[in-house]
Amino acid sequence: MSLIRKKTKFVLFTQGRSGSTLLRNLINAHPDIQCDGEIFILNPNHSKARQMSSFIMKNPESYIETHCRLSERLIYGFSVLDHQLHHPEKVIKQLYLSGWKIVSVSRNDILAQCFSNLFAQRTNLWHRWTDKPGARFTTHITIDELTNEINWWMQREKNEGNILEGINPYHIVYEDNLQDQACWPKTTQKLFEYLGANPFAVTSALKKTYSRHYSEIVENFDALMDSLSNTAFSHLIPNQFKSSKRD
């Protein structure tokens, strides 16, 4: 009698604008893996979206297991951000204790993360799948907008640390593992090994959403960095943008 392999299950517990879409696209190219996107985001235009959301938030584990059972792949996962659940610390801990693997996806450069999110909000361009260069988008950002954004991401980081307390997740860091395309093979093969998948060469057509550096997109960048240097967040300014008067 042949043995049926038990399905491996995992969570991409991720920050926004941290490369999780790229990572998900890469690992979904593996024939044994299915990784769904952010399953707790429902279509607001659906006639029963509010009713469905209420039920799902009361029964998140059942909703997750239903998605898992529907997958025909040997390895199933999904993405989630902390603010998409009412009680993320309970849900993540329960999944972990029931055998789900936790993959943490984060970003070190908070300032770049802030700018990426602000740009995406203003253009509604969250991902780019073509080599065709985008429009020469530029924007003006106030110091209040930037500091509010920084505060929001720092709160996310603090929340995530609390949620993962007592859990030993597999860490993926955007700058170390995903930013450079040359890192993709090593990153994915080590992750496949962690998930119990056979080695498999994968790639992605996803491109950097904004090909220019944020310093070229923000019209008032120098003035903005001057203002930021007078706040508690001055340490976030990259060295190449610290003028002598800011030191």
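Rule-based calculations on the coordinates, nothing more; no lab input. Quick caveat, the model's predicted, so the values are computed rather than measured. A quick note on method: Cβ atoms are made from the backbone with ideal geometry, for glycine too, and the neighbour counts reach across all protein chains shown.
Between residue 182 and residue 98, full extension at 0.36 nm per residue minus the direct alpha carbon distance yields a gain of 26.7 nm. When DSSP beta bridges are restricted to pairs lying wholly in the chain, around 5% turn out antiparallel.
Rounded if a/c is under 1.5, else prolate if a/b is larger than b/c, else oblate: which is the stretch 61-161, with a ≥ b ≥ c the root eigenvalues of its Cα gyration tensor? Verdict is oblate for the stretch 61-161. Dividing the mean sequence gap of close Cα pairs (under 8 Å, 6+ apart) by how many residues the chain holds gives a relative contact order of 28 percent. The distance linking the stretch 67-82 with the stretch 14-40 is 10 Å (Cα centroid to Cα centroid, whole angstrom). The loop-placed trypsin sites (Lys or Arg not before Pro) in the stretch 34-132, going by DSSP, that have at most 16 neighbouring Cβ atoms within 10 Å of their Cβ come out as 48. With a Förster radius of 30 Å applied to the C-beta separation of residue 215 and residue 158, the computed FRET efficiency comes to 0.65.
Just check the stretch 100-235 against the gyration tensor rule for me: Cα atoms, a ≥ b ≥ c as the square roots of the eigenvalues, rounded for a/c under 1.5, and otherwise prolate or oblate depending on whether a/b exceeds b/c. The shape class here is oblate. In this simple spin-label approximation, residue 137 and residue 234 carry label points 7 Å from Cα along the Cα→Cβ vector, and these lie 3.2 nm apart.
Quick check on the chain: helices-only [θ] at 222 nm, where DSSP H runs of length 4 and up contribute -39,500 (n - 2.57) each and the sum goes over total residues. Nearest 500, please.
Computed mean residue ellipticity for the chain: -12000 deg cm²/dmol.
Placing a pseudo-label 7 Å from each Cα along the Cα-to-Cβ vector at residue 127 and residue 54 gives an inter-label distance of 3.2 nm. Indicate the gyration tensor shape class of the stretch 151-230 (rounded, prolate or oblate), computed on the Cα atoms with a ≥ b ≥ c the square roots of the eigenvalues: a/c under 1.5 is rounded; otherwise a/b larger than b/c is prolate and the rest oblate. Oblate, because a/c is 1.5 or more while a/b does not exceed b/c. Among 35, 114, 183, the largest mean-square fluctuation in a Gaussian network model of the chain, built with springs joining Cα atoms closer than 10 Å, belongs to 183.
Here are labelled values, (i) 14.4; (ii) 20.0; (iii) 16.2, and one is the computed mean projected area of the Cα convex hull in nm² for what I pasted. Which one? Only one listed value fits the structure, namely (iii).
Across the chain, the longest run free of exposed loop sites, meaning GluC sites (Glu not before Pro) lying outside DSSP classes H, G, I, E and B with no more than 12 other Cβ atoms within 10 Å, spans 73-164.
Separation of the alpha carbons by more than 25 angstrom is noted, of 190/242; 90/158; 186/242; 58/207, for 190/242; 186/242; 58/207.
Among the trypsin sites (Lys or Arg not before Pro) within the stretch 140-247, which fall in a DSSP loop and have no more than 16 other Cβ atoms within 10 Å of their own Cβ?
Those that pass, being in a loop and sparsely packed, are 208, 212, 242.
As a calculated quantity, the FRET efficiency between residue 67 and residue 222 at R0 = 45 Å, using C-beta atoms, amounts to about 0.45.
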